[in-house]
Amino acid sequence: MLESRQHYPTQRVALVIQYLGTHFNGWQRQKGQRTVQEEIETAIATVLGYHVALHGAGRTDSGVHAAAQVAHFQATGLIPAHKWAKVLNSYLPPDVLIRASAGVSESWHARFSAVYRRYRYTIYTEELPNLFVKPFSWHYYYAALDESLMTSALKPLLGKHHLSAFERAGSVRSHSWVEIQAVECRRSGAFIHIEIQANGFLYGMVRLLIGMIVEVGSRQRTVENFTEIWQQERREEVKYSAPAHGLCLLRVGYPDFPFPPKIWYDTQPYLVMNNDN
């Protein structure tokens, strides 16, 4: 097989990937578990006839969705880079989709070339449940949420901070420094959308942070108390993680990205519902 491949060109292919995390045990390949990385690597191997490693921009937890995850792999063969999306989609299950593919330089890396990742968390506040929004939002109706308080709690996070208060046990990172580049909290009828952008994220960080932000919005704790907890790294006081299904990896940013914005920039539709319907 190696001899038959040696005369073909080798290329690095970048992918923009969407997936519904509901039935996945996260992004990263794990023995005996269904993961996004394994599904795509299996599809690539089916096409090429040999296994290649797929490198993702970041890992998502079990149940977390992605609107524009980014990954790359190295392939030897005659398939043009821009055609890999269509080829792979014919082998992938319905809950994974390659939006586009493109060739990149040998120095480009889905993880190490990225300058930011952005997540969106969606909260549904209507009292009545709704099956059509359930897979993509946290149904929180136990108390009214004040999005202005939630915004006030988010803003002090901007900048570079130690955020070990929002790191789950089991992390392999050697430090807890995170540079938060943007935060946003907006209400659209019965939905509250929270977006956080950073150069990288700690293990379980967004869901732990959202769990506490909701406590602020429901007036269970003050903005000042929330800020003191993370500034003083009081991890023992961060006890609740928001449900995974409300979280989506919205996009990954690069200084040199071969895809136009319509492919990757804002591809998770906003959930919108007026309370007076």
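Evaluating 6.51 cos²θ - 1.76 cosθ + 1.60 at θ = phi - 60° for every residue in the stretch 156-167, the Karplus couplings come out as x, 6, 4, x, 9, 9, 6, 10, 5, 5, 10, 10 Hz, glycine and proline recorded as x.
Each principal axis of the chain carries a Cα extent, and these read 66, 45, 36 Å when sorted largest first. Residues in the stretch 1-126 average 46 Å² of solvent-accessible surface per residue, probe 1.4 Å, ligands and nucleic acids excluded. Applying both filters, DSSP loop and at most 10 other Cβ atoms within 10 Å, to the trypsin sites (Lys or Arg not before Pro) of the stretch 1-97 gives K31.
To the nearest Å, what is the center-to-center distance of the stretch 164-218 and the stretch 1-77, using C-alpha atoms only? Measuring centre to centre over Cα atoms gives 27 Å.
Let me make sure I get this right: for the stretch 67-177, a, b and c are the square roots of the gyration tensor eigenvalues over alpha carbons, sorted descending. Under 1.5 in a/c it's rounded, otherwise prolate if a/b > b/c, else oblate. Which is it? Oblate, because a/c is 1.5 or more while a/b does not exceed b/c.
Ordering P258, F201, T125 by the projection of their Cα atoms onto the charge dipole of the stretch 120-276, which places +1 on the Cβ of Lys and Arg and -1 on the Cβ of Asp and Glu, puts P258 at the extreme positive end.
Going down the list K31/K262; K83/K134; K134/K262, which pairs span over 31 Å between their C-alpha atoms? K31/K262; K83/K134, as the Cα separations exceed 31 Å there. If you roll a 1.4 angstrom probe over the protein chains with everything in place, what fraction of the accessible area of the chain belongs to carbon and sulfur, to the nearest %? The computed percentage sits at 52. A Cβ-based charge dipole, computed about the Cα centre of the stretch 156-277 with Lys and Arg at +1 and Asp and Glu at -1, lands at about 180 debye.
Highest mobility in the GNM of the chain, judged by mean-square fluctuation with C-alpha springs under 10 Å and restricted to H161, H72, H245, is found for H161. When its C-alpha radius of gyration is set against 2.2 N^0.38 Å (N residues), the stretch 125-277 gives a value of 1.08. Hydrodynamic estimate: the Kirkwood radius of the stretch 85-129 over Cα pairs, inserted into Stokes-Einstein at 10 °C and 1.306 mPa s, corresponds to D of 108 µm²/s. Largest mean-square fluctuation among Q197, Q30, Q74, in a Gaussian network model of the chain whose springs join Cα atoms under 10 Å apart, belongs to Q30. Between T60 and W27, Q28, the built amide H atoms are under 5 Å apart, and every one of these is 5 or more places off in sequence or on another chain. Working note: Karplus 6.51/-1.76/1.60 with θ = phi - 60° gives the stretch 223-228 the couplings 4, 5, 5, 4, 5, 4 Hz, where Gly and Pro are set to x. With contributions of -39500 (n - 2.57) from each DSSP H run of at least four residues, the per-residue ellipticity at 222 nm computed over the chain stands at -5500 deg cm²/dmol. Near R251, once Lys and Arg are set to +1 and Asp and Glu to -1 for all other residues with Cβ below 14 Å from its Cβ, the sum equals +2.
The values are calculated or read from the model by the stated rules, or taken from the named source; none is laboratory data. As the structure is a computational prediction, the values presented were derived from the model and not from experiment. As a convention, Cβ positions derive from the backbone with ideal geometry for all residues, glycine included, and neighbour counts pool all protein chains shown. Areas reflect the complete protein model, heavy atoms only, side chains present, ligands, DNA and RNA absent. Shrake-Rupley method; radii C 1.70, N 1.55, O 1.52, S 1.80 Å.
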